[in-house]
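Take a look at the structure below.
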Amino acid sequence: MTIPVFKPYIEKKDIKNINKSLNFGWLGMGKDVMNFENELSKYLQLKKNNRHIVTVNTGHSALHLAVLLLNCKKNDEIITPSFNNISDIQAISTGNAKPVFCDIDVNTLCIDLDKAEKLITKKTRAIVIMDYDCFLCDHDKANYISRKYGIKIIHDAAHSFGSSYKGKKIGTFSDICMFSFDPVKPLTCIDGGALVVKTKKERDMLHRLRLIGMGQPAKVMYKNKRAWTYDVKTQGYRYHLANSHAAMGISQLKKIDMIKKKRINLCKRYNQYLSNNKNIIVPKTNFENLIPFLYYIRVLKGKRSQLINFLKRKNIDTGIHWQPGHTFSYFKNCKRGELKVTNKISKEVLSLPLFPELSEKKVKYISTMINNFYEKK
Ligand SMILES: Cc1ncc(COP(=O)(O)O)c(C=O)c1O
């Protein structure tokens, strides 16, 4: 059996919760969605930080709506790391703005904010900052830049749900913060996402945008009911979350502390077994205050493909996060300036298996195989 890179952590109690929702018979957006939002809000400490959460059907939809909240005009620009999920880049262009690619920091693999600052022009409306795996962006600096230039920060926290920055829960301090609950994330609701915003006005706008523009209040649907008459005042999208998916999210959230503990432990084991290997670079962190989504190594000296194939023969699957945006033909014109670090790092990163049911023994096996690959040379 091949060891996969990702495996969702689904137990009988998750299925039971979904079945309960299905048996109730209200499959669309309803009470479970409200409950999921309330539970998320509690867990993320949103109320005391004056933040509002709106769930949607994917992280990508959340990003699209985040961009729409900016009301971009033709030729407006949004800076994003090229080393990002394609979802962010598509969300920018679908939201009427032009992505402008920025380089990343060599240590954190998050956006290099010094370089981002140099890319700011009169057309810049926002910077997308994305916490990459076991590292968080320099959020203080992002906040400083945002205020200095009067531009928004769209915080992609797809990798950092449940993590904390300087004692503050992710989601509690950004202009707009996005989460993904897709099938492989530490917290999955099969497929889903969320946006955290600062004002009730933005929350209400998001309620309309996610419900094809329909003006019926979310609180009606949260009772598993719907209004038959309403106004439509805006363009909208069918982006809302379904009850059964929310039920899965609620169930997963109940075990998030255990998921966190398991993931941190496995990452620490990898670092323990691999940090002496001079042919690779491991993430230099103790993984505290995080719920790591990926565990990646940087494979030096152009050996990544060989290592991938070697591990495949040992029944170990690996992943690449990611191919940078400027290498895609559709977005090749969005490069502005040097992307030296991105070009180097994107040829090196390799994601290793990481999921709660992965045993320490398997981590040792995977690490031993990686070390063997080099010793046999
Ligand atoms: C950094 C980042 N942003 C956005 C997304 C998109 O989220 P979703 O898959 O829920 O649409 C992902 C998904 O993996 C991601 O890793």
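The values are calculated or read from the model by the stated rules, or taken from the named source; none is laboratory data. Since this is a predicted model, take the numbers as computed values, not measurements. Neighbour counts are summed over all protein chains in view; Cβ atoms, including those assigned to glycine, are modelled from backbone coordinates with ideal geometry. SASA here: full protein model, heavy atoms, side chains in, ligands and nucleic acids out. Shrake-Rupley method; radii C 1.70, N 1.55, O 1.52, S 1.80 Å.
Descriptive notes on the structure:
- Three principal axis extents describe the C-alpha atoms of the stretch 278-334; from largest down they are 37, 35, 22 Å.
- Candidates per trypsin sites (Lys or Arg not before Pro) in the stretch 74-159, loop by DSSP, up to 12 other Cβ within 10 Å: Lys74, Lys122
- Average accessible surface for the stretch 1-111: 46 Å² per residue, computed with a 1.4 Å probe over protein heavy atoms with every protein chain in place.
- P(r), alpha carbons of the stretch 77-139 - 10 Å bins starting at zero, rounded %: 25, 55, 20, 1
- What you get for the chain, charging only the Cβ of Lys and Arg (+1) and of Asp and Glu (-1), is a dipole of about 280 debye around the Cα centre.
- Qualifying chymotrypsin sites (Phe, Trp or Tyr not before Pro) in the stretch 182-281, where qualification requires a DSSP coil assignment and no more than 10 other C-beta atoms within 10 Å, comprise Trp228.
- Cut-off 20 Å, label 7 Å out along Cα→Cβ of Met1, residues of the stretch 175-206 by amide N: 184-185
- For GluC sites (Glu not before Pro), the sites in the stretch 274-361 that DSSP calls loop and that have at most 14 other Cβ atoms within 10 Å are Glu288, Glu338, Glu357.
- Expressed per residue, the C-alpha convex hull volume of the stretch 3-76 stands at 179 Å³.
- Note on Thr108: accessible area is roughly 30 Å² with a 1.4 Å probe, heavy atoms of protein only.
- Global form of the stretch 134-214, assessed from the alpha-carbon gyration tensor, a/c cut-off 1.5: oblate
- Converting the Cα gyration tensor eigenvalues of the stretch 248-377 into ellipsoid dimensions via √(5λ) gives semi-axes, longest first, of 26, 22, 14 Å.
- Span per principal axis, largest first, for the Cα atoms of the chain (Å): 71, 53, 38
- Mean silhouette area of the stretch 204-323, derived from the convex hull of its C-alpha atoms and averaged over all directions, reads 12.0 nm².
- Evaluated on the stretch 249-317, the Kirkwood hydrodynamic radius is 13.9 Å, with distances taken between all distinct Cα atoms.
- With one equal scatterer per alpha carbon and no solvent term, the Debye-computed log10 I(q)/I(0) for the stretch 9-161 at 0.19 1/Å reads -1.18.
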